[in-house]
Structure formats: structure tokens, C-alpha cells
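Colleague: Dropping a structure here in C-alpha cells format, bear with me for questions.
The values are calculated or read from the model by the stated rules, or taken from the named source; none is laboratory data. The structure presented is a predicted model; accordingly, all values stated were derived computationally and were not measured. Every residue, glycine as well, gets a Cβ built from its backbone with ideal geometry; the counts of neighbours run over all protein chains shown. Only protein heavy atoms, including side chains, enter the accessible area calculation; ligands, DNA and RNA are left aside. Shrake-Rupley method; radii C 1.70, N 1.55, O 1.52, S 1.80 Å.
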Amino acid sequence: MPTTGLRPSPSATSATATPTPTASATPAALPLAGRRIVIDPGHNGVWTRRELRKVPSGNGRTKECNSSGTATNAGYAEHAYNWAQANALARVLRARGATVRLTRPDDHGEGPCVNLRSRLANQLRADALVSIHADGSLARGARGFHVIVSTTMVGGATVERASTALAKRLRHALETETTMPRSTYIGGGTALSFRSDLGTLNLSERTAVMLEMGNMRNATDAALLGSATFRTRAARALADGLEAYLG
Ligand code: ZN
């Protein structure tokens, strides 16, 4: 039998069970409080021949310090997109209570080599490292985003499994919250790419993924990546994916 109104409640002015906005917002207001997230805006503000020097990239291999990254046909550089997208994501994550650090301080000059991109996440014992890139495929009709996971992380199989789980959360958020489609040219429709050649991921002891947020050489993708509206939506999607993974 309904007992509406029988439970004593000093502040209640009616018998309705509808929570007030204040009461419902308080517990979930900072869902990422206490979380540490490192964002790596891929590449650097400038590229010089010095970045051809070889550095360790994991698995006993070496790789060049860094590459220049790609650009849209109109000349929007990948490093600038990565920087803008990383900062948009950082704003959303901080607003949700996370402690966020970036692997480079600005979009000018030379930044860290690929062997140092995971160092901050390792030192901070971060909950996640997210490396942001955009791709540059000249294949006809190549579109869409994909998420890269390392198969040879120094963190071992447990960290690789966690990274795959994060990749799937991020994929779901991007495809449901933005208009960027899954990659048409990487991952056979899964938008997931498993690799062993990326120092940024290989050398991570923490959950880590690399995002290729779209194909800069495709006109439709380039228009999205160049749009602040898209970047805002993508930042929210990535934050939602991280929150789902960390929840
Ligand atoms: Zn890149």
C-alpha cells in the first residue's frame, strides 16, 4: 500500500519524490575528482632535422625522435590541431574534477621525443594517457577516426587489456557523440589498430591509447577537424569515454 507522506522529512514541502536539482547535481558534479589524466598533443610546434636522431621506442627498437606530422590540403598542421584538441579535452576533464597534465607546454618550438611522451604518465601513475593525433592518408575515400593500442607495452598484458578497454569506450563515445565516422581504411571496420612500433604507447606503464581523430587529407574530415564546434564535441566525447572507462 502506498505510504506517500508518511516518512518524516524536515525539509520536504510536498510528498513528491522528485529530487531537487541541487540534491541530484551534488554527488555527480565532479565525477573525475582524484583522477590523473595525461594528454599528449602529438608532434611539436616546429620540426627540424635534429628530430631525425634515433631514440628508444620499446622492444629494443629505435625510432626517430619525432616526425613533423601531417596537415590538411589547406595547410592546417596536425600539431596545431592536436594542440587545440588536447586543450579542449583538458578543459572538459578539469571541469569534471580531474588533474590533467600535457606532455608539452605550448605549440612552439621543439618538444619531447617519442621516448619521453609516456614518462609523465608513468611518473604520476596516471589513470590514463591519451595521445592525440590526426592521420594523413592519401588513399582514395579514406575517412574517419581510429584508436591505436600497443601490443608490446612495458606495463605488460594487464595494461594492454586496460588500454583496449579504454579504446573501446573512446570509440563508442566518438561514434555516438560526433559525426566523425569509424575509419574506412584502418581496422577493418573496428576503428581499432593494434601496433608495436609506437614509442609513446610501448613505453607506457599506464593505460594508454593513441587517437587518430580523422584523416586530414580527406576534405570532409579536414572540415570537421578545423571546426571549433567539432573539437568541442569531440572533447566532450573523449571525456565521456574516459569517464566510462574510469567509472
Ligand atoms: Zn600524428
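Colleague: Which ones in region 52-86 are in a helix (DSSP H, G or I), within 13 Å of the ligand (Cβ to nearest atom) and touching a strand residue (DSSP E or B) at 6+ places or on another chain (Cβ under 8 Å)? Please lay out each step first, then the result.
Modeller: Looking only at region 52-86, we keep the residues that are in a helix (DSSP H, G or I), and these are 52, 78-86.
Remaining after also requiring within 13 Å of the ligand (Cβ to nearest atom): 78-83, 85-86.
Correct list: Glu78, His79, Tyr81, Asn82, Trp83, Gln85, Ala86.
Colleague: While we're here: Considering only residues that are small (Gly, Ala, Ser), open to solvent by less than 20 Å² (accessible area, probe 1.4 Å) and closer than 27 Å to Ala121 by Cα, which ones fall in region 162-192? Give the derivation first.
Modeller: Filtering region 162-192 for residues small (Gly, Ala, Ser) gives 162-163, 165, 167, 173, 183, 187-189, 191.
Subset that is open to solvent by less than 20 Å² (accessible area, probe 1.4 Å): 163, 167, 173, 183, 191.
Within region 162-192, Ser163, Ala167, Ala173, Ala191 meet the criteria.
Colleague: Further question on the same structure: Mind checking which residues of region 37-51 are away from the ligand (no atom under 16 Å from the Cβ) and in contact (Cβ under 8 Å) with a residue 24 or more places away in the chain?
Modeller: Residues satisfying the conditions are Ile37, Val38, Thr48, Arg50.
Colleague: Within region 70-126, restricting attention to residues that are at positive phi and at pLDDT 95 or above, which residue is most open to solvent (accessible area, probe 1.4 Å)? Even if it seems obvious, please write down each step before you answer.
Modeller: Start the filter on region 70-126 by keeping residues that are at positive phi, which leaves 75, 97, 109, 125.
From the residues that got through so far, the ones that are at pLDDT 95 or above too are 75, 97, 125.
Values: Gly75: 56, Gly97: 24, Arg125: 143 Å².
Looking at residues that are at positive phi and at pLDDT 95 or above, I get Arg125.
Colleague: For region 38-51, what are the residues that are open to solvent by less than 80 Å² (accessible area, probe 1.4 Å), not aliphatic (A, V, I, L, M) and not in a helix (DSSP H, G or I)? Before you say what the answer is, go through the steps one by one.
Modeller: Initial filter on region 38-51 (open to solvent by less than 80 Å² (accessible area, probe 1.4 Å)): 38-46, 48, 51.
Imposing the further condition that a residue be not aliphatic (A, V, I, L, M) reduces the set to 40-45, 48, 51.
Within region 38-51, Asp40, Pro41, Gly42, His43, Asn44, Gly45, Thr48 qualify.
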